[in-house]
1. Restricting to the stretch 62-87, and then to whatever is surrounded by fewer than 17 Cβ atoms within 10 Å (Cβ to Cβ) and of a type in the set (D, E, K, R), can you tell me which residue is farthest from ligand 2 (Cβ to nearest atom)?
2. Do you know which residues across the stretch 182-215 are polar (S, T, N, Q), within 14 Å of ligand 2 (Cβ to nearest atom) and over 30 Å from H166 (Cα atoms)?
3. Specify which of the listed residues (N49, N91, N16) is open to solvent by 10 Å² or more (accessible area, probe 1.4 Å), at pLDDT 95 or above, away from ligand 3 (no atom under 16 Å from the Cβ) and touching a Lys or Arg at 6+ places or on another chain (Cβ under 8 Å).
4. Looking only at the stretch 125-140, decide whether some residue is of a type outside the set (A, V, I, L, M), more than 16 Å from the chain's Cα centre (by Cα) and open to solvent by 30 Å² or more (accessible area, probe 1.4 Å).
5. Looking at I41, I53, which is the one that is more than 19 Å from L73 (Cα to Cα) and in a strand (DSSP E or B)?
6. Which count do you get for residues in the stretch 141-169 that are within 22 Å of L95 (Cα to Cα) and of a type in the set (A, V, I, L, M, F, W, C)?
7. Scan the stretch 130-186 for residues that are within 16 Å of ligand 1 (Cβ to nearest atom) and among the polar types (S, T, N, Q) and jot them down.
8. Which members of the stretch 1-21 meet the condition of being more than 6 Å from ligand 1 (Cβ to nearest atom) and part of a loop (DSSP other than H, G, I, E, B)?
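The values are calculated or read from the model by the stated rules, or taken from the named source; none is laboratory data. Being a predicted model, the structure only gives us computed values, none of them experimental. Every residue, glycine among them, receives a Cβ derived from its backbone with ideal geometry; neighbour counts consider all protein chains shown. Calculation scope for accessible area: heavy atoms of the full protein, side chains included, ligands and nucleic acids excluded. Shrake-Rupley method; radii C 1.70, N 1.55, O 1.52, S 1.80 Å.
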Amino acid sequence: MTTNSLRHIAFIMDGNGRWAKNRLLPRVAGHVKGAAQVRSIVQACAQRNIEHITLYAFSTENWARPADEVSALMSLFLKYLKGEIVSLQRNGVRLKVLGDVSAFSKPIQEAIALAEEQTASGERIQLNVAANYGGRAEVVQAVQRWMREHPQAPAESFGAQELESHLLTHGIPAPDLLVRTGGECRLSNFLLWQTAYTELYFTDVLWPDFDESALDQAIAWYQGRERRFGKTSEQISAR
Ligand code: IPE
Ligand code: IPE
Ligand code: MG
């Protein structure tokens, strides 16, 4: 069996609320445990020579949650950005935030800029954090940016390449594997364009319980997939 190359894993980190509920704890306790899990998963991916991981941390729709939960998530995000820089640097992790950061508070925006700047030389793995991210908005804004740059251009001059180069993920290879924890089988507006040929793995494990061995199960599942990209199985095995 040939092994599939695995450069990029995207994660929908779902199930924090249910993890807490199962323990009769407030939802926020699940987010705290979930955030703590991030460090070990990033390290585990680096050890497995993954080049990119993308974490769905906060969707454009998550603003609609109760105000106290949104504010707890914002505090956690700020704490992570400030507290993880040294560990990210030590592990060669380059951080990049994907999403409309202008909606965040000044301190968060400053912490994002600082964390990105101070980890910019990380060469082992890139950690993309999708925050205030929505796939539909990303595509719409990419088209708008291109149109602004080319006000006179005929419609035919806009194609997939032009779109791709104006997405937030420009320069990042498409995810090979997407892992969603928490049992739901949907994308919830995550990387809609980029996942066209991504292998989708859904697990009931809740994000705060998602550990290295759960990661290895997901990778083993991925390695068992035949990625055909529209071709036939015979063409693939003749490679
Ligand atoms: C994912 O966990 C974290 C965020 C959306 C920020 P949830 O908070 O959605 O957990 P469940 O789905 O309610 O269990
Ligand atoms: C997706 O989880 C967003 C993140 C993990 C950040 P949600 O919990 O918001 O998704 P839905 O509402 O169940 O689709
Ligand atoms: Mg959820």
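1. First, pick out the residues of the stretch 62-87 that are surrounded by fewer than 17 Cβ atoms within 10 Å (Cβ to Cβ): 63-71, 74-75, 79, 82-83, 86-87.
Remaining after also requiring of a type in the set (D, E, K, R): 65, 68-69, 79, 82.
Values: R65: 8, D68: 16, E69: 11, K79: 17, K82: 20 Å.
For the stretch 62-87, the residue satisfying everything is K82.
2. If the condition is that a residue be polar (S, T, N, Q), within 14 Å of ligand 2 (Cβ to nearest atom) and over 30 Å from H166 (Cα atoms), then T203 is the only one that fits.
3. Details: N49 fails: touching a Lys or Arg at 6+ places or on another chain (Cβ under 8 Å); N16 fails: away from ligand 3 (no atom under 16 Å from the Cβ).
Just a single option satisfies the conditions, and that option is N91.
4. Filtering the stretch 125-140 for residues of a type outside the set (A, V, I, L, M) gives 126, 128, 132-136, 138.
Going one step further and asking which of them are more than 16 Å from the chain's Cα centre (by Cα), we end up with none.
No, the stretch 125-140 contains no residue that is of a type outside the set (A, V, I, L, M), more than 16 Å from the chain's Cα centre (by Cα) and open to solvent by 30 Å² or more (accessible area, probe 1.4 Å).
5. Values: I41 fails: in a strand (DSSP E or B).
Exactly one residue qualifies, and that residue is I53.
6. 3
7. First, the residues of the stretch 130-186 that are within 16 Å of ligand 1 (Cβ to nearest atom): 130-135, 178-186.
Residues satisfying the conditions are N132, T181.
8. In the first step, residues of the stretch 1-21 are kept if they are more than 6 Å from ligand 1 (Cβ to nearest atom); the result is 1-12, 19-21.
The answer is M1, T2, T3, N4, S5, L6, R7.
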